[in-house]
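A short worksheet on the structure shown next.
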DNA sequence: ATGAAAGCGCTAACAA
DNA sequence: TTGTTAGCGCTTTCAT
């Protein structure tokens with residue numbers, strides 16, 4: 001590997017001049033510039049980015065924390081983010097917490113060791129109080145996920161509204177015994193959905209049987225289990241509001257296997273409007289989340305932050321959310 | 001941020017001693033070691049990894065090139081890889097080529113600028129001849145994808161066999177007019193599948209109508225189009241071999257919409273055994289690829305390479321492939 | 001317009 | 001067992 005010094009020698013100039021050519025600095029005579037460029041080509045010179053990082057104290061790398069990449073919601077989000085990051089010469093490091101607090105903290109330590117310039121939190125396992133100190137080391141923003149105590153830029157949807165319109169839709173369709181699937185922790189996004197859900201129930205004067213609440217439901221397999229559980233109940237729900245299309249798809253698939261009619265015997269409402277929602281049979285009615293916009297906007301906010309533009313304090317961007325009706329309700 | 005020098009001063013030792021403590025070097029007196037550790041804690045010291053990189057000429061980072069992360073096959077593969085990489089203290093940079101030659105080359109340039117220690121090629125857009133020079137800069141291995149001219153470690157499946165047993169299955173089920181969906185370039189994996197497909201056809205003495213070959217089929221939407229195209233043909237196939245579960249799922253979903261009976265009017269064979277294969281209705285018969293194993297083994301091979309163990313020359317690992325029968329055939 | 005020199009934070013010969 | 005010293009490759013004052 002040739003270094004900046006090799007180029008300087010070959011071109012008969014100083015390292016400084018080579019560096020200036022590299023960084024499009026003004027005040028470099030055209031003649032020398034050409035000389036330097038010729039030398040670079042001849043030596044197949046490529047600047048060592050680690051040296052640049054050390055000198056410039058910046059890494060051109062951002063980390064995005066998600067639970068797991070194989071969740072289609074997050075893989076689509078990361079696809080959009082990575083494309084946009086690449087357009088701006090930024091590297092994206094994907095960090096999967098796998099729903100584990102400890103792993104999340106290990107990833108956050110990347111900012112301490114100066115390995116990344118910023119963090120996009122698209123999931124949060126730890127309590128915000130245990131995380132906020134990391135904001136001293138690099139900008140952290142929320143994307144989709146959020147915590148009301150956190151005073152950091154946040155790009156998200158109105159999850160309360162999403163859950164509210166979804167639940168209301170079920171009620172308007174005539175369903176009266178509505179079950180709910182959600183994550184274990186009642187914070188941020190999950191808490192807002194819960195509020196929206198119960199608000200709609202309350203307004204309609206509907207009661208809720210605590211047995212209808214299913215926790216820690218994330219995967220297709222969880223959905224299958226939920227359906228079987230429901231079938232075994234004496235007070236059986238006639239509809240179910242899920243926190244994700246994956247769980248909903250599991251329910252629908254298991255229903256087909258067990259010859260349970262959807263939506264006649266059970267209506268199913270998804271969340272996310274993932275690709276899978278259009279592929280299951282019957283098609284899944286679900287709450288659309290504009291993943292493209294949310295991903296792009298998050299990267300934009302992060303880039304602005306890194307450029308010293310934008311506000312590091314709380315700065316909320318809320319994107320539209322709406323219902324997509326198919327045949328499962 | 002405190003540096004190694006601050007720690008040294010506070011502990012009353014030299015930078016070298018601090019560095020030795022950091023790297024578990026032998027020959028550090030217990031007393032001084034304790035002193036150093038106390039100073040580190042007091043200053044909340046964290047080593048700057050960029051400086052370590054520059055000095056050690058290594059980045060602890062590997063890149064994995066894939067077409068796009070939102071393809072469930074690749075998102076699952078990356079999930080497995082990232083988990084294993086994290087266990088070994090390695091960062092994984094996800095690089096999406098988006099089926100674009102130029103983008104692929106841009107990512108490969110990361111090795112030139114010393115930003116990564118190694119590359120896992122899980123897709124290849126460019127001709128191998130245009131890529132092989134990069135092997136001079138860092139170890140490159142193939143994962144799933146491959147090129148017979150490349151003399152690099154390769155972890156893959158026997159795609160010929162996969163296509164052969166899949167096609168044979170269709171034939172044994174009584175289908176005679178078998179269509180095929182595949183990518184545009186007839187190289188590596190795609191070429192081997194094609195050979196397996198035609199070998200099975202030849203052995204059964206079946207003929208193939210060129211109209212039954214559908215190229216550049218990657219997405220669910222492509223599958224939908226393929227089905228509509230088939231319905232419009234006068235010489236209509238009675239089965240279709242697809243290169244991916246996504247395309248197959250698109251076909252099945254569109255068939256449901258248009259009331260085409262699967263498998264009676266058309267049998268559908270997928271490839272990958274993605275989660276979606278079990279969710280569509282009817283369930284998709286498909287060729288299982290052991291993504292977990294392939295991902296883990298690739299990381300292992302890469303780690304061995306980075307440690308100077310293992311052979312940089314061609315070194316083929318072939319994993320088992322088999323048919324999973326559901327209801328679509 | 002150009003260059004000399006200092007230094008980003010760390011590790012590893014080498015010497016003691 | 002410990003410290004001194006010399007860089008890794010680059011950018012950026014500060015002179016000229």
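Every read-out reported here was derived from the displayed coordinates using simple, explicitly stated rules and does not represent laboratory data. Note that the coordinates shown come from a computational prediction; the quantities given were computed from them, not determined experimentally. Reconstructed Cβ throughout: ideal geometry from the backbone, glycine too, with neighbour counts over all protein chains shown.
Data for the structure
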item	result
Alpha-carbon centroids, the range A:149-211 and the range A:63-93: separation in whole Å	27 Å
Value at 222 nm in deg cm²/dmol, rounded to 500, when DSSP H runs of n ≥ 4 in chain B each add -39,500 (n - 2.57)	-13000 deg cm²/dmol
Most fluctuating residue given options B:258, B:316, B:22, as computed from a GNM of chain B linking Cα atoms under 10 Å	B:22
On Cα atoms only, tilt of B:101-112 relative to the major axis of chain B in degrees	20 degrees
Overall dimensions of the range B:159-288 by Cα: Rg and Dmax, Å	13.1, 37
Where only alpha carbons of the range A:224-302 are counted, the Rg and the Dmax (Å)	14.9, 51
q = 0.07, 0.08 Å⁻¹, chain A: log10 I(q)/I(0) [Debye, one scatterer per Cα]	-0.39, -0.48
Relative intensity, log₁₀ I(q)/I(0), of the range B:4-55 from a Debye sum that treats every alpha carbon as a point, q = 0.14, 0.25, 0.30, 0.32 Å⁻¹	-0.31, -0.94, -1.24, -1.33
Kirkwood Rh and Cα Rg combined as Rg/Rh, the range A:12-164	1.13
Using a Förster distance of 41 Å, the FRET efficiency for residue B:177-residue B:292 (Cβ separation, nearest 0.05)	0.70
Pseudo-label separations to other copies for residue B:215 - Cα-to-Cβ vector, 7 Å, nm	5.6
Fewest-first ranking of A:187, A:97, A:113, using other Cβ atoms within 10 Å as the exposure measure	A:113, A:187, A:97
Residues listed by number, the range B:69-111, amide nitrogen under 15 Å from residue B:56 label point at 7 Å toward C-beta	B:86-92
Percent antiparallel among DSSP beta bridges (both partners in the protein assembly as shown, rounded to 5)	10 percent
Neighbouring partner chain Cβ atoms per residue of A:83-89, average, 10 Å criterion	2
Whether the range A:169-225 is rounded, prolate or oblate, judged on the alpha carbon gyration tensor where a/c under 1.5 counts as rounded	oblate
Cα-Cα separations in the range B:100-157 greater than 19 Å, expressed as whole percent	20 percent
Within a Gaussian network of chain A (alpha carbon springs, distance under 10 Å), most fluctuating of A:44, A:279, A:186	A:44
Cβ-vector label at 7 Å, residue A:1, separations to other copies in nm	2.0
Pairwise FRET efficiency - residue B:324 versus residue A:232, Cβ, R0 = 30 Å, nearest 0.05	0.55
GNM result for chain B, Cα springs below 10 Å: residue of B:206, B:90, B:108 fluctuating most strongly	B:206
Among A:76-82, A:179-185, the order from most to least packed when residues are scored by Cβ within 10 Å on average	A:76-82, A:179-185
Fewest-first ranking of A:259, B:315, A:88, using other Cβ atoms within 10 Å as the exposure measure	A:259, A:88, B:315
Shortest-first nm distances, residue B:30 label point to equivalent points in other copies (7 Å, Cα→Cβ)	7.3
Förster-model FRET efficiency, 35 Å R0, residue A:314 and residue B:307, C-beta, rounded to 0.05	0.15
Among beta bridges that DSSP assigns inside chain B, antiparallel share in %, nearest 5	10 percent
Spacing of the two label points (7 Å from each Cα toward its C-beta) at residue B:43 and residue B:225, in nm	6.1 nm
Added length on full extension, which subtracts the Cα-Cα distance from 0.36 nm per residue, residue B:265 to residue B:16	82.1 nm
Kirkwood hydrodynamic radius over Cα pairs of the protein assembly as shown, then Stokes diffusion coefficient at 37 °C and 0.692 mPa s, in µm²/s	120 µm²/s
Normalised contact order of chain B, rounded percent, pairs of Cα under 8 Å and 6 or more residues apart	16 percent
Nitroxide proxy distance, nm - points 7 Å out along Cα→Cβ at residue B:27 and residue B:127	5.5 nm
Paramagnetic reach from residue B:199 (point 7 Å along Cα→Cβ, amide N under 15 Å) across the range B:166-186	B:166-169
The range A:224-269 versus the range A:292-319: alpha-carbon centroid distance in Å	38 Å
